[in-house]
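A short write-up of the structure that comes next.
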Amino acid sequence: MNVHEAITKHSTEQHLHLVRFAELDEQREQAIDAAVDLCRQGIPFTVDSINAITAQIIAHAKHGISPLRSYVTEDMVRDYVNKG
């Protein structure tokens, strides 16, 4: 493989890694929005789906250049709702 092909392959892999991160991050944001909506309505909620996606993001980040995300607690959601 010549240098140009190696650079192209590397760039493509990085791009695909970031695309997958963006997909996971969007899923996480949707899960956060759902928890916030339930909390605002006074309906019981969990952060299990948020943290399951967060775990996927953390595992994914070990194989590339994407950022990490923090786990979320129910208190964090309540605090966010109460401040808004």
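The values are calculated or read from the model by the stated rules, or taken from the named source; none is laboratory data. Note that the coordinates shown come from a computational prediction; the quantities given were computed from them, not determined experimentally. Cβ placement follows ideal geometry from the backbone for every residue including glycine, while neighbour counts extend to all protein chains displayed. Ligands, DNA and RNA are stripped out before the accessible areas are found, and what is left, the full protein with its side chains, is counted by its heavy atoms. Shrake-Rupley method; radii C 1.70, N 1.55, O 1.52, S 1.80 Å.
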> Can you work out ³J(HN,Hα) from phi for every residue in the range 59-64, in order, using Karplus 6.51 cos²θ - 1.76 cosθ + 1.60 and θ = phi - 60°, giving whole Hz and x for Gly and Pro?
Replying inline: 5, 5, 5, 5, 10, x
> Counting each DSSP H run of 4 or more residues in the chain as -39500 (n - 2.57), what helix-only mean residue ellipticity at 222 nm follows after dividing by all residues, to the nearest 500 deg cm²/dmol?
Replying inline: -25500 deg cm²/dmol
> Once the dipole of the chain is set up with Lys and Arg at +1 and Asp and Glu at -1 on Cβ about the Cα centre, which of VAL3, PRO44, THR54 lies farthest towards its positive end?
Replying inline: VAL3
>> Need one number: the % of Cα-Cα pairs in the chain sitting beyond the 14 Å mark.
In response: 67 percent
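To the nearest 0.05, how large is the calculated FRET efficiency for THR8 and ALA55 if R₀ is 35 Å and r is the Cβ-Cβ distance?
0.65
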> In Å², what does the accessible area per residue of the chain work out to with a 1.4 Å probe?
Replying inline: 69 Å²
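In whole percent, and with a 1.4 Å probe on the protein chains, what portion of the accessible area of the chain is carbon and sulfur? Mind showing how you got there, number by number?
Values: 3250 of 5840 Å².
Accessible surface attributable to carbon and sulfur in the chain totals 56 percent.
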> Cβ under 11 Å from ASP33's Cβ, ASP33 left aside: what net charge do those residues give with Lys, Arg +1 and Asp, Glu -1?
Replying inline: -1
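Can you tell me the order of 26-35, 6-15 when each peptide is scored by its average per-residue count of other Cβ atoms within 10 angstrom, highest first? Don't skip to the answer; put the middle values down first.
Numbers: 26-35: 15.9, 6-15: 11.0.
Descending mean neighbour count gives 26-35, 6-15.
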